[in-house]
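Here is the structure we will look at, set down as structure tokens.
The values are calculated or read from the model by the stated rules, or taken from the named source; none is laboratory data. All values derive from a computational prediction rather than experimental measurement. Note: ideal-geometry Cβ built from the backbone for every residue, glycine included; neighbour counts use all protein chains shown.
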Amino acid sequence: MALALALTILAPPLARGAAPPAGPRPENVVIMIPDGCGPATLVLARLARGRPLSLDSILVGAVETGSSSSRITDSAAGATAYASGVKTANRVVGMDPAGNPVETLMEAAASRGMATGFIVKSRVTDATPAAFVAHVRRRSQEDEIAVQELAHRVNLIMGGGLDRFLPEPAGGRRADGRDLVAEARGRGDQVVLDRAEFDGDLRLPLLALFAPAELPYEIDRDPKQAPGLVEMVRRGLPLLAREPGGFLLVIEGSRIDHAAHANDPASHVREALEFDDTVREVLAFARRDGRTLVVGAADHETGGLSLGRRVGDTPLEGVYPESLMAVRCSAERMADSIRAGHPARELVERETGLHLTLEEAGMLDRALPGRRLAEAIGEIESRHAALGWSTWGHTAIDVGLYAFGPGSDRFRGVLDNTEVGRRIAESLDLQVGGSRSPRAPGSGGPATP
């Protein structure tokens, strides 16, 4: 025992960012991205739940999240780093800073014969899922991203964003007149557009779009109308697992980020808890399966959340996440109800369970004529929980790195975001990051950016 301890002490540590010796290779990989989720968010979620998170047991390091254009990345550059191991500029999807398309994990996996999929709560054409299959100069090119996603023939697509798949006459936002839903059906894909169809028999290839844009916050979701992230993973993961040749699945807790942008603490913590419940579901599968590597990391932190704050010149003592768990809907939904005619103070007190001070009631009254009502509600909730926010945007804070399963020893220490992508590729013996010749839409590969 003494000899073993001495050898442990004397053994040279791994250099920062150095990959450990290769272990067993996984057959499947699940990449889990809690968009906008920094360390403070997970502490808040743990306090709110009152017990350890599923993520806590697989924490192995941290990730530096900067892009080639800024120490503060956006989701396009952050996801491109994970998807291809290439550092690019903010707003660029699946390309290097010079505008050259780069090979992604999902493209390399599909070429190998692996099944591929992504399950998200945002639009499926949003930057994070897009970075794994699309190549565009601007993340706002969502009509083109939708075309490339279908051309790539991803086996499983679940989330929101129906607008980008339908032409304007059919209620969508596509100006080119293409009906991508009809095109998917025409080539034999199963298309699911509502809860009833989701609850039926599902098969691959599957395109499931449950909302025109984003899916609802978990705090607002009506289970009879739309599935949550846990349910989507519970239905989608077994479909991929039945496919021969292994699979690569990307899961994004997209709306953690949205709630942080809004500085809406109650919605933010509920999204983080939903994501952790999804992690528990995936880890249970991975433990049963024994051949699946799970890697998790946010693309960046959003909001600059702090646990502890001051109001005026007075620092508040303590943090009170339990106040957030009593809130019944998002600040956005409360603001909509107030604009529809409900008395502001009465509604906020009813939906939050808080007793507002005269100052806080005044905050609502002052915000009502403008467009900052939801912000005022979020600030009131944050005060009662003793939480602070430094920004409506992203920050340069390192985010947690999580790994479980065969090959998880590759993910230890503080890694650059591109190194995470490269190590996922190494674990599957895939080549990513090289130049990719663009193809025309519908030819079986990505379209020309």
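So is L324 free of Cβ contacts under 8 Å to residues at least 60 places away in the same chain and out of contact with any Phe, Trp or Tyr (no Cβ under 9 Å at 6 or more places or on another chain) or not?
Criteria not met by L324.
Using beta carbons and a limit of 6 Å, which pairs, at least six apart or on different chains, have the first residue in the range 149-165 and at positive phi and assigned by TED's automatic domain parsing to the domain that holds G113 and the second one crowded, with 24+ Cβ neighbours inside 10 Å and hydroxyl-bearing (S, T, Y)?
Matching pairs, first to second residue: G161/T125.
Please pick out the residue among A146, A184, A196 that is outside any loop (DSSP other than H, G, I, E, B), within 28 Å of E281 (Cα to Cα) and among the small types (G, A, S).
That would be A196, the only listed residue that is outside any loop (DSSP other than H, G, I, E, B), within 28 Å of E281 (Cα to Cα) and among the small types (G, A, S).
With the requirement that a residue be in contact with a helix residue (DSSP H, G or I) (Cβ under 9 Å, 6 or more places away or on another chain) and assigned to a helix (DSSP H, G or I), what does the range 232-255 give you?
The answer is M232, V233, R234, R235, L237, P238, A241, R255.
For V133, state whether it is without any contact (Cβ under 8 Å) to a residue 60 or more places away in the chain and part of a loop (DSSP other than H, G, I, E, B).
In short, no.
Could you tell me whether G177 is surrounded by fewer than 23 Cβ atoms within 10 Å (Cβ to Cβ) and at positive phi?
Numbers: surrounded by fewer than 23 Cβ atoms within 10 Å (Cβ to Cβ): yes; at positive phi: yes.
Yes; evaluated as a whole, the condition is true for this residue.
Do we have A62 as assigned by TED's automatic domain parsing to the domain that holds V147, crowded, with 18+ Cβ neighbours inside 10 Å and more than 14 Å from the chain's Cα centre (by Cα) here?
no
Kindly indicate which of S122, S75 is in contact with a Lys or Arg (Cβ under 8 Å, 6 or more places away or on another chain) and within 23 Å of E281 (Cα to Cα).
Of the residues listed, the single one that is in contact with a Lys or Arg (Cβ under 8 Å, 6 or more places away or on another chain) and within 23 Å of E281 (Cα to Cα) is S122.
Could you check how many residues of the range 122-154 are closer than 18 Å to A175 by Cβ, polar (S, T, N, Q) and buried (at least 24 other Cβ atoms within 10 Å of the Cβ)?
Selection size over the range 122-154: 2.
Restricting to the range 360-406, name every residue that is of a type in the set (G, A, S), out of contact with any Lys or Arg (no Cβ under 7 Å at 6 or more places or on another chain) and surrounded by fewer than 20 Cβ atoms within 10 Å (Cβ to Cβ).
Narrowing the range 360-406 to residues of a type in the set (G, A, S): 361-362, 367, 370, 374, 376, 378, 382, 385-386, 388, 390, 393, 396, 400, 403, 405.
Narrowing the set further to residues that are out of contact with any Lys or Arg (no Cβ under 7 Å at 6 or more places or on another chain) leaves 362, 367, 370, 374, 376, 378, 382, 385, 390, 393, 400, 403, 405.
Those that are of a type in the set (G, A, S), out of contact with any Lys or Arg (no Cβ under 7 Å at 6 or more places or on another chain) and surrounded by fewer than 20 Cβ atoms within 10 Å (Cβ to Cβ): G362, A367, G370, S390, G393.
Residues being under 13 Å from A376 (Cβ atoms), in contact with a helix residue (DSSP H, G or I) (Cβ under 8 Å, 6 or more places away or on another chain) and surrounded by fewer than 18 Cβ atoms within 10 Å (Cβ to Cβ): count how many of those fall in the range 348-359.
Selection size over the range 348-359: 0.
Could you check T88 against (1) surrounded by fewer than 24 Cβ atoms within 10 Å (Cβ to Cβ); (2) in contact with a strand residue (DSSP E or B) (Cβ under 8 Å, 6 or more places away or on another chain); (3) among the polar types (S, T, N, Q) and say which number it fails?
Condition (1) is where T88 drops out.
Can you tell me how many residues in the range 232-249 are buried (at least 18 other Cβ atoms within 10 Å of the Cβ) and either aromatic (F, W, Y) or without any contact (Cβ under 8 Å) to a residue 24 or more places away in the chain (or both)?
Summing the residues that are buried (at least 18 other Cβ atoms within 10 Å of the Cβ) and either aromatic (F, W, Y) or without any contact (Cβ under 8 Å) to a residue 24 or more places away in the chain (or both) in the range 232-249 gives 1.
Could you count how many residues in the range 246-273 are farther than 22 Å from T395 by Cβ and not β-branched (V, I, T)?
Qualifying residue count, the range 246-273: 4.
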